[in-house]
Structure formats: C-alpha cells, structure tokens
Amino acid sequence: MSDEATALRTPVVPTQLPIRLIDEDGVAIDGQRAAGFALPSPETLIGLYRQMVLARRFDAQVTALTRQGRLATYPSALGQEACEISAVAALRPQDWLFPTYRDTIALLSRGVFPLEILSFFRGDWHAGFDPHEHRVSPQSTPLATQALHAVGLAAAARLRGDDTVALALLGDGATSEGDAHEAFNFASVWHSPVVFLIQNNQWAISVPFDKQSNARTLADRAIGYGMPGYFVDGNDVAAMFAVVSSAVEFARAGNGPTIIEGLTYRMEAHTNSDDPTRYRSTEDEARWRRLDPLDRIEKYLVGSGALTETVRADIAERAEVLAAATRDAMNADPVIDPLELFDHVYQTPRPALLEQREFLARELAETDAVVAS
C-alpha cells in the first residue's frame with residue numbers, strides 16, 4: 001500500500017476544520033490543518049493551475065453563449081474549479097468519472113471535446129460523446145443517480161480484478177436523495193473501489209446547507225457507513241488534489257470507498273434561468289469571491305517563483321484558443337437526424353420501437369416531399 005493510501009486509512013473521523021495546504025493569501029500551511037498530507041510538487045501545481053485557467057475561460061465563454069441563446073441552459077461551475085480539476089487529475093486513464101450536470105469543466109479536463117460536451121446543453125443529444133472512449137459517464141441531471149452507477153461499475157471491476165477506480169461527483173443537494181445513501185451503503189458493504197466527492201457549494205438550487213442537513217459536515221456521514229471521511233477546503237486545489245489522489249489509490253489498493261467533502265461556493269446562478277438574489281446575499285457572494293480558488297493558487301505559484309510571466313502568458317493564450325474553438329463549434333448549425341432517437345434505446349430493438357421508428361420515418365419523408373414541392 002502506498003504512503004498516500006496509508007494516510008487515508010488512519011484518520012476515520014473528519015477533521016474539525018477543513019484540510020488546507022495553501023491559505024487564501026497563497027501561503028503554504030504547516031501543521032494540523034494539513035492533516036498529514038503533503039503539498040504537491042510545483043510541476044503538479046502548475047498543471048492544475050493550467051487546467052483551472054482553461055476551465056474558467058471555457059465556463060465564461062459557454063455562459064456568454066447561453067445568454068446569446070446558443071444553448072438551452074448551462075449550469076456554471078465558476079468557483080468550483082479546484083474540486084473538479086483536482087478530481088480528474090487524480091484519476092488514471094483506466095478509471096471512470098461519474099459527473100453531474102454541473103461538472104462540464106471536469107469533462108473538458110478529461111479530454112472530451114467542447115462540441116461533444118455542449119451538444120447536451122443545446123439539446124442535440126443526451127450525451128454527445130462516447131463514454132467508453134473517455135471513461136466518463138453521461139452527465140447526470142437526476143440528482144445522485146450516477147452515484148449508484150459508479151458503485152455498480154466499481155463493484156464489477158473488483159469482481160473482474162480490474163485495476164479500475166470510479167469517482168462520483170455529487171453536490172450537497174444530491175446527498176439529500178435516497179440514491180446517495182444507497183450508494184454509500186452498498187459501496188461500503190461491497191468494499192467497492194469508489195470515491196465519492198461531494199462539492200458542497202452550499203446551495204441546492206436555492207436551499208442553504210443548514211436547511212438540508214443538521215450534520216456538522218457532510219463528510220461526517222462516512223462514519224455511519226464505515227468508511228473514511230475527509231473534510232477539505234474545496235477552494236484549495238493543492239489540498240483537494242492531495243486528498244482525492246490518496247482516496248483513489250486507497251480504493252485501488254483494495255481498501256474500499258471514501259467520502260470527501262470539498263467546501264466551496266457556486267459564484268454564478270444555479271443555471272441561466274435562476275435568480276440567486278432571491279435566496280442569498282450579495283455580501284455572502286462578495287466574501288466568497290475573495291476566496292477565489294484560482295486567485296489562491298496563482299498567488300502561491302507567483303510567490304514561489306514557479307509561475308513566470310512567460311508561462312502565464314502561454315496558458316492565457318491557450319485559454320483564448322479554446323474559447324475561440326468553442327465559439328466556432330457553437331456557431332455551426334448542427335446536423336440532426338430525428339431517427340437517431342431510436343438508435344441507442346435497446347441493443348436489439350423491440351417490435352414496438354421499430355414500428356414507432358417507421359411511423360416517424362414516413363412522417364419525415366412526407367414533410368420533405370411537401371417542402372420540396
């Protein structure tokens with residue numbers, strides 16, 4: 001077992017304060033707040049910073065496209081980059097990611113192309129990418145259903161002897177669903193190699209955390225399921241990467257699941273149709289903007305000399321190239337075949353489904369004939 005996995009085995013009870021490696025001023029932390037976890041290497045932190053910059057530029061571009069009417073809806077992850085980028089960075093190529101509808105930047109970091117991601121939000125496809133190619137499950141809109149899927153895949157991998165870990169992303173609101181509790185319980189009973197990462201952005205649409213749960217932290221729930229639980233500063237990408245990486249290797253070594261709670265904040269609205277001013281204060285938003293995860297890691301890297309102006313300029317240029325490619329992809333008119341609705345329902349189509357397909361095909365042919373005449 002690796003040293004990182006051993007570190008996760010010892011403390012079962014989450015810490016009183018969130019684990020931190022870098023504070024909000026960009027200063028490395030020593031002592032108890034680190035909970036035994038080591039600061040990642042400068043090269044690793046630069047890589048995480050690069051992905052966070054790309055993710056934020058992508059998120060801003062997609063939000064703008066949504067306001068222009070190019071997408072039906074978009075749930076921004078602005079402010080949650082440290083959680084999502086660290087989660088993907090902790091995975092190996094053979095591992096699987098099970099995201100929610102808000103985890104678009106996690107898909108981007110995993111290598112899914114912008115057009116393949118955004119076809120979901122434009123309404124072209126439920127999933128515009130091949131899950132097996134990227135080892136990413138389709139983004140889940142129903143809360144917490146993907147947690148059970150992650151447990152099932154992880155349990156099957158363990159039975160086959162595969163070197164595979166499943167990582168399920170959840171929001172704080174999703175933990176109020178029964179599916180989450182079933183997933184936690186089955187994962188622990190089956191000793192499945194799965195990591196549950198709860199991004200506690202403190203608002204389940206419009207319901208504050210203290211009206212969802214009376215627990216001190218959501219990570220405390222791990223105790224009742226018999227697995228390690230970790231309470232982490234979700235705006236500290238160094239701490240998030242250290243803890244998630246350890247949990248992934250802990251699971252890979254055959255030690256079972258872990259629950260990690262990253263305490264963070266959703267800076268934007270729930271979606272473009274939401275008005276957050278109706279349920280949270282501007283003072284609260286301003287306080288959390290001062291705790292921006294991207295600003296924090298940038299301050300540390302600049303202060304340590306790891307981030308030079310040349311490197312920063314190169315990353316910023318890459319971010320603009322990504323934004324331009326995203327705009328171009330969304331400016332192109334999609335080519336949609338309505339008959340594709342029937343292509344991936346069953347491996348062997350049922351007679352009723354084939355009848356429906358034939359009926360729609362006739363209607364489309366008649367419409368085309370009228371238009372042509």
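Any read-out appearing in this document is the output of simple, stated calculations on the displayed coordinates, not a laboratory observation. What you are looking at is a predicted structure, and each value in this text was computed from that prediction instead of being measured. Glycine also receives a Cβ, built like all others from the backbone with ideal geometry; neighbour counts cover every protein chain displayed.
Across region 251-260, coupling constants 3J(HN,Hα) worked out from phi with the 6.51/-1.76/1.60 Karplus curve, θ = phi - 60°, read 5, 5, 7, x, 9, x, x, 9, 10, 10 Hz, and Gly and Pro carry x.
Each of 96, 62, 83 was placed along the dipole of region 53-188 (beta-carbon charges, centred on the mean Cα), and the one lying farthest toward the positive end is 62.
Would you give the gap between the C-alpha center of region 162-214 and the C-alpha center of region 312-373, rounded to a whole Å? Result: 32 Å between the Cα centres. Scalar couplings 3J(HN,Hα) for region 357-373, obtained by applying the Karplus form with A = 6.51, B = -1.76, C = 1.60 to θ = phi - 60°, are 5, 5, 4, 5, 4, 5, 4, 5, 5, 5, 5, 4, 5, 5, 4, 5, 7 Hz; x denotes Gly and Pro.
Each label point was placed 7 Å from the Cα along the Cα-to-Cβ direction; for residue 185 and residue 316 their separation is 5.3 nm. Projecting the Cα atoms of 111, 40, 319 onto the dipole axis of the chain, where Lys and Arg carry +1 and Asp and Glu carry -1 at the beta carbon, places 40 farthest toward the positive end. Each label point was placed 7 Å from the Cα along the Cα-to-Cβ direction; for residue 206 and residue 284 their separation is 1.3 nm. Computed from backbone phi with θ = phi - 60° and the Karplus coefficients 6.51, -1.76 and 1.60, the 3J(HN,Hα) list for region 206-214 is 10, 9, x, 4, 5, 9, 9, 8, 9 Hz; x is used for glycine and proline. Among residues other than residue 77 whose Cβ falls under 11 Å from its Cβ, what is the net charge (Lys/Arg +1, Asp/Glu -1)? That works out to -2. Of the residues 110, 357, 67, the one with the fewest other Cβ atoms within 10 Å heads the list, and the complete ranking is 67, 357, 110. Nearest 0.05, what FRET efficiency do residue 30 and residue 72 give at R0 = 41 Å with Cβ-Cβ as r? Taking R0 as 41 Å, the efficiency between residue 30 and residue 72 is 0.30. Using alpha-carbon pairs under 8 Å, 6+ residues apart, how would you state the relative contact order of region 179-332 in percent? Over region 179-332, the number comes to 26 percent.
Between residue 16 and residue 345, the contour length at 0.36 nm per residue exceeds the alpha carbon distance by 113.7 nm. If the segment from residue 163 to residue 371 were pulled out straight at 0.36 nm per residue, it would be longer than the present Cα-Cα gap by 69.4 nm. Distance between the modelled labels on residue 327 and residue 38, one decimal in nanometres: 4.4 nm (7 Å Cα→Cβ projection). When +1 charges are put on Lys and Arg Cβ atoms and -1 charges on Asp and Glu Cβ atoms, the dipole computed for the chain relative to its Cα centre reaches about 660 debye. Entry for region 8-137 at q = 0.12, 0.14, 0.17, 0.20 Å⁻¹: log10 I(q)/I(0) = -0.57, -0.74, -0.97, -1.18, Debye formula applied to identical alpha-carbon scatterers, no solvent contribution. Calculate the FRET efficiency for residue 355 and residue 92 from the Cβ-Cβ distance with a Förster distance of 45 Å, rounded to the nearest 0.05. According to the calculation, E is roughly 0.50. Dipole orientation for the chain: of the candidates 52, 339, 156, 156 has the Cα lying most toward the positive pole (charges on Cβ; Lys, Arg +1; Asp, Glu -1). Between residue 19 and 231, 232, 233, the built amide H atoms are under 5 Å apart, and every one of these is 5 or more places off in sequence or on another chain.
For the chain, the longest principal axis of the Cα atoms and the long axis of helix 309-331 meet at an angle of about 20 degrees. With 39 Å as the cut-off, how large is the P(r) tail for region 3-331, expressed as percent of Cα-Cα pairs? Result: 7 percent of Cα pairs exceed 39 Å.
What value, in deg cm²/dmol to 500, does the helix sum -39500 (n - 2.57) over DSSP H runs of n ≥ 4 give at 222 nm once divided by the residues of the chain? Rounded to the nearest 500, the figure is -15000 deg cm²/dmol.
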